[in-house]
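In what follows, a structure is listed as structure tokens, so that the remarks can point back to it.
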Amino acid sequence: MAERRLGIIMNGVTGRMGGTQHLKMSIAAIRNDGGVPLRDGSSVIPDPILVGRDAEKVSRLAAMHGIEKWTTDLDAALSDKNYEVYFDGVTTKARPGNLRKAIEAGKHIYTEKPTAETFSEALELYRLAEAKGIKHAVVSDKLWAPGIAKLRMLKETGFFGRILMVRIEGCYWVFEGNHQPAQRPSWNYRKADGGGMILDMQPHYAYMLNAIGGRPLDVVCHADTLIRKRWDENGEPYTADADDSFMSISRLECGAMAQIMSSWCVRVKKEDIIVMQVDGTDGSAIAGLAGCWTQRKENTPRGAWSLDVAEPVDFYRDWQRVPETSPYKNAFRIQWELFIKHLHGEGDFPWNLRAGAMGVQFAEASYQSWHERRWMDLPAITN
């Protein structure tokens with residue numbers, strides 16, 4: 001089988017998400033499995049160069065995965081014509097500048113979200129990429145998590161009938177860092193470093209909502225910083241001033257209501273850290289990242305709804321788990337493979353910088369709603 005090489009600049013893979021999901025579970029795994037197969041029988045083999053600020057970290061990571069090339073000089077990597085794709089997994093604050101340089105260098109773009117801190121900058125990046133004629137992608141990993149993938153399948157088969165309401169709860173407890181190590185980097189909790197839960201998670205929720213009920217048409221939001229003292233990676237205390245919790249309500253294109261609750265300050269007693277529920281006239285479904293459960297219209301129980309009688313209905317009993325009918329790959333890897341195929345003329349790819357700008361628009365409007373205490377409309381991006 002013929003092999004095609006694809007040079008990929010991978011910037012920001014020494015951290016938790018970039019190193020584990022994008023490098024180890026995606027690009028390195030694809031290389032180990034012989035590449036991405038194309039319809040013509042050939043296979044695309046990713047050939048990455050790792051970029052990072054810490055030479056010791058990035059060289060060690062390269063050696064760990066059998067990758068020959070690494071550098072601390074991003075500009076030199078961008079000037080190398082052997083590399084056609086630029087991946088960005090750095091901090092939100094640094095991302096727009098890196099993306100702009102990569103676009104100007106003519107590289108195809110594959111980037112984490114959010115693509116920028118402001119809607120105007122995110123939209124500018126999309127338009128620059130379009131004008132340059134490059135292909136571009138924004139990470140939308142939750143769509144290929146097994147539970148959410150099953151929700152999408154149910155929607156495509158018409159299971160729900162008319163969709164009435166979509167609810168997302170994305171909550172878990174992030175340790176403050178004094179007694180147990182925090183699960184997230186400290187910059188997430190500092191405004192000056194591009195932190196904040198709205199900016200981090202509303203872009204995710206935007207594409208999740210869009211996949212089920214169409215894009216959000218408006219939003220009203222309230223947020224807060226509930227835990228204001230945390231400890232950083234060196235065990236030093238710092239003031240957390242970025243929002244760590246929010247709630248929002250929206251209308252979707254399909255006419256449904258959408259409700260989101262998201263927090264790093266809530267302990268978990270539910271199916272998963274992120275749970276999405278869709279209710280329709282013909283049936284409902286609840287999905288975590290891994291599993292999905294359904295209840296059809298004819299299986300819906302009647303509750304007692306009385307303060308004088310103990311509820312006789314076990315509301316968990318009549319939900320059925322959607323079976324595993326096919327194996328699921330890592331969600332990040334699935335999207336990487338789809339993009340690599342798209343680069344070689346196979347398949348559309350709607351999860352691009354335009355979709356990324358829509359996510360930033362949703363986040364920015366949520367912030368504005370919170371600060372101004374009012375509803376915000378979300379106009380469609382027309383070009």
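Each value in this text was obtained by applying a stated rule to the coordinates, not by laboratory testing. Note that the structure is predicted; figures quoted are calculated from it, not measured. Reconstructed Cβ throughout: ideal geometry from the backbone, glycine too, with neighbour counts over all protein chains shown.
A simple spin-label model places the labels of Glu104 and Glu298 6.4 nm from each other, with each point 7 Å out along Cα-to-Cβ.
Rg of the Cα atoms in the stretch 16-108, relative to 2.2 N^0.38 Å, amounts to 1.12.
Once the gyration tensor of the Cα atoms in the chain is diagonalised, the equivalent ellipsoid follows with semi-axes of 36, 26, 21 Å, ordered largest first. Charged neighbours of Asp243, selected by a Cβ distance under 10 Å, balance to -3 (K, R count +1; D, E count -1). Set the bar at 32 Å for Cα to Cα. Now go through Lys24/Lys135; Lys101/Lys191; Lys81/Lys150; Lys69/Lys270; Lys24/Lys150 and name every pair that lies beyond it. Flagged as over cut-off: Lys81/Lys150; Lys69/Lys270. What is the stretch 303-383 by shape, rounded, prolate or oblate, if you read a ≥ b ≥ c off the alpha carbon gyration tensor as root eigenvalues and call it rounded for a/c under 1.5, prolate for a/b larger than b/c, and oblate otherwise? Note, shape of the stretch 303-383 comes out oblate.
Full extension of the segment from Asn383 to Ser326, taken as 0.36 nm per residue of separation minus the current Cα-Cα distance, would add 16.7 nm.
Using a cutoff of 8 angstrom between alpha carbon atoms and counting only pairs six or more residues apart, the relative contact order for the stretch 70-226 works out to 19 percent. Straight Cα distances below 14 angstrom link Lys107 to the aspartates and glutamates Asp75, Asp80, Glu84, Asp88, Glu130, with same-chain residues fewer than 8 positions distant left out. In summary, the aspartates and glutamates within cross-link reach of Lys297, defined as a Cα separation below 18 angstrom excluding same-chain residues under 8 places away, comprise Glu156, Asp279, Asp282, Asp314, Asp318. Of the peptides 323-332, 171-180, 262-271, 147-156, the order by per-residue mean of other Cβ atoms within 10 Å, starting with the highest, comes out as 147-156, 262-271, 171-180, 323-332. Note on the stretch 8-59: along the principal axes its Cα atoms extend 40, 16, 13 Å, ordered by decreasing extent. Beta-bridge orientation, the chain: approximately 55 percent antiparallel, per DSSP, counting only bridges with both partners inside. Put a dot 7 Å past the Cα of Leu217, heading toward its Cβ, do the same for Met165, and the two dots end up 1.9 nm apart.
Here is the size of the stretch 79-128 from its Cα atoms: Rg then Dmax, 10.4, 32 Å. Once the chain from Val268 to Glu346 is taken as fully extended at 0.36 nm per residue, the excess over their C-alpha distance is 24.0 nm. Counting only DSSP H runs of at least 4 residues, each contributing -39500 (n - 2.57), and dividing by the residue count of the chain, the helix-based mean residue ellipticity at 222 nm comes to -8500 deg cm²/dmol.
With an a/c value of 1.5 or above and a/b not larger than b/c for the gyration tensor axes a ≥ b ≥ c computed over the alpha-carbon atoms, the stretch 105-249 is described as oblate.
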